[in-house]
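*Asks:* Before I ask anything, here is the structure I am working with.
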Amino acid sequence: LYRDLAVEAACMRALACQKLAATEPSRARDAGDAFQRVVLEFADHPKADEARYQIARLERGSGDNARSLSVLEAIGPDDPNYRLARFEIVSLRFENWKRQPADSPERTTAYDELLTEVRRFETLAEASDVERRLRVSLLAVEAALGTNRLDDATARLKVTGPISDTLPASSPTAAQHHYLAMTLAARQDRPADVLQEARWLADKAETPAYRQAVAIQV
């Protein structure tokens, strides 16, 4: 009983510091230290798994991608946060890809690493987790366009189309799908398809940036 109370108190302190860090970035270290205390002092408690995941998120917020990847990779399949960890890893791999110089071998390697993680997440994601499945796949599409793998982008957009259609038009992720489809059509010189996607975005997208992109493309 006392041990459960102790771990709950430690987690509440960590979560409080994490909330404060949202408005006071200097408190992020306090939050990290508090979650680390949970991991060290209550290693065999289920709350330690959640603490490890939160540490990885804090590390990501600090911009230390290598450290974040290391922490997230350490989260095993038996951990209830495993799927979320793999989702975060996809995002980190995408950020690593963006940082590499265009047309460099490093960018090609980063693209391949991203695809590996995308495919892994797609095998893990629950069918009901439509939003995350689509977001992950669209990161792969964006990277394919940026690495000049237009065939990859074409094949993946054919798969994501039906998934996007299940989301409400107000969804930013659905709008992103149509924006990337419009971008690909422009790269492949398919003006009719550009206008079709532009019309969808002009009529339904609620994000101003996508409406601006429509004006530019048209």
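*Asks:* Taking all protein chains in place and a 1.4 Å probe, what share, in percent, of the accessible surface of the chain do carbon and sulfur account for?
*Replies:* 52
*Asks:* Would you work out which of Ala28, Leu195, Ala16 lies farthest towards the positive end of the dipole of the chain, given +1 charges on the beta-carbon of Lys and Arg and -1 on that of Asp and Glu, about the Cα centre?
*Replies:* Of the options given, the answer is Leu195.
*Asks:* Also: Given Cα pairs under 8 Å that are at least 6 residues apart, what percent is the relative contact order of the stretch 126-214?
*Replies:* 24
*Asks:* Return the distance in nm (one decimal) between the two label points of a simple spin-label model at Gln188 and Ala6, each offset 7 Å from Cα along Cα→Cβ.
*Replies:* It is 6.1 nm.
*Asks:* With +1 on each Lys and Arg Cβ and -1 on each Asp and Glu Cβ, how big is the dipole of the stretch 77-146 about its Cα centre, in debye rounded to the nearest 20?
*Replies:* It works out to roughly 120 debye.
*Asks:* Please sort by residue number the GluC sites (Glu not before Pro) in the stretch 87-173 whose DSSP state is loop and whose Cβ has at most 13 other Cβ atoms within 10 Å.
*Replies:* Here the sparse-neighbourhood loop sites are Glu126.
*Asks:* Could you calculate the contour length gain from Gln196 to Ser70, that is, 0.36 nm times the residue separation minus the distance between their Cα atoms, to one decimal place in nm?
*Replies:* Additional length available on full extension: 41.1 nm.
*Asks:* Ser137 accessible area, nearest 10 Å², 1.4 Å probe?
*Replies:* Looks like 10 Å² after rounding.
*Asks:* Something else about it: Only helices at least 18 Å long along their axis, Cα-based, and averaging -0.5 or more on Kyte-Doolittle count here, so list those DSSP H runs from the chain.
*Replies:* Length and hydropathy pass: 2-23, 28-41, 130-146, 150-165, 172-187.
*Asks:* Something else about it: For the chain, what is the accessible area per residue in Å² when the probe is 1.4 Å?
*Replies:* It amounts to 55 Å² per residue over the chain.
*Asks:* Ok, one more. Reachable aspartates and glutamates from Lys98, Cα under 20 Å, same-chain residues fewer than 8 places away excluded?
*Replies:* Leaving aside aspartates and glutamates fewer than 8 places away in the same chain, those within reach of Lys98 are Glu59, Asp64, Glu88, Glu106, Asp112, Glu113, Glu117, Glu142, Asp151, Asp152.
*Asks:* Connecting C-alpha atoms closer than 10 Å in a GNM of the chain, tell me which of Gln188, Gln100, Gln18 has the biggest fluctuation.
*Replies:* Of the options given, Gln188 has the highest mean-square fluctuation.
*Asks:* Grab the Cα-Cα distance for Glu131 and Asp33, subtract it from 0.36 nm times how many residues apart they are, and report the gain in nm with one decimal.
*Replies:* Extra length from Glu131 to Asp33 when fully extended: 32.1 nm.
*Asks:* When we measure straight from the Cα of Lys19, which lysines land under 25 angstrom away, once same-chain ones fewer than 8 places off are left out?
*Replies:* By straight Cα distance, Lys19 reaches Lys47.
The values are calculated or read from the model by the stated rules, or taken from the named source; none is laboratory data. All figures in this text were calculated on a predicted structure; none of them were measured in a lab. Neighbour counts are summed over all protein chains in view; Cβ atoms, including those assigned to glycine, are modelled from backbone coordinates with ideal geometry. To get the accessible areas, we keep the full protein, side chains included, count just its heavy atoms, and leave off ligands, DNA and RNA. Shrake-Rupley method; radii C 1.70, N 1.55, O 1.52, S 1.80 Å.
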